[in-house]
Amino acid sequence: MLVNWTQPKHVFIVCGKTDLCKGIDGLAAVIAENYDLDLFNDSLFLFCGTRNDRFKGLY
């Protein structure tokens, strides 16, 4: 799915290394538990893994 970058109200970049093998549920759990943010407020969350050329997004 391609994201229209003008639609999300907020864009969060999760700093540090994240296990990108996690699926949607695992990444959503990271946001909810570690950062106490609402997943359904029209936000885009960007995760980076151990390689600096790979990103995974959760919208």
- request: At 7 Å along the Cα-to-beta-carbon direction for both Lys22 and Leu44, put a label point, then send me their distance in nm to one decimal.
  value: 2.0
- request: Would you grab the residues whose amide H sits under 5 Å from the one on Val11? Only those 5+ places off in sequence or on another chain, please, with H modelled 1.01 Å from N.
  value: Leu44
message: Tell me the per residue accessible area of the chain using a 1.4 Å probe; a whole number in Å² is fine.
response: 77
statement: Bridge orientation stat for the chain from DSSP, antiparallel percent rounded to 5, came to 45
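Leaving out ligands, DNA and RNA, and with a 1.4 Å probe, what % of the accessible surface on the chain is carbon or sulfur? Could you put the intermediate results ahead of the total?
Numbers: 2520 of 4540 Å².
Here carbon and sulfur together make up 56 percent of the probe-accessible area.
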- request: Can you check what the net charge comes to around Cys48, using other residues whose Cβ is under 12 Å from the Cβ of Cys48 (Lys, Arg +1; Asp, Glu -1)?
  value: +2
- line: For percent of Cα pairs over 12 Å apart the list reads [x] 60; [y] 66; [z] 63; the calculated value is entry [y]
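The values are calculated or read from the model by the stated rules, or taken from the named source; none is laboratory data. The structure displayed is predicted, hence computed values, not measured ones. Glycine also receives a Cβ, built like all others from the backbone with ideal geometry; neighbour counts cover every protein chain displayed. The protein model used for the area step is the full one, side chains on, heavy atoms only, and it has no ligands, DNA or RNA in it. Shrake-Rupley method; radii C 1.70, N 1.55, O 1.52, S 1.80 Å.
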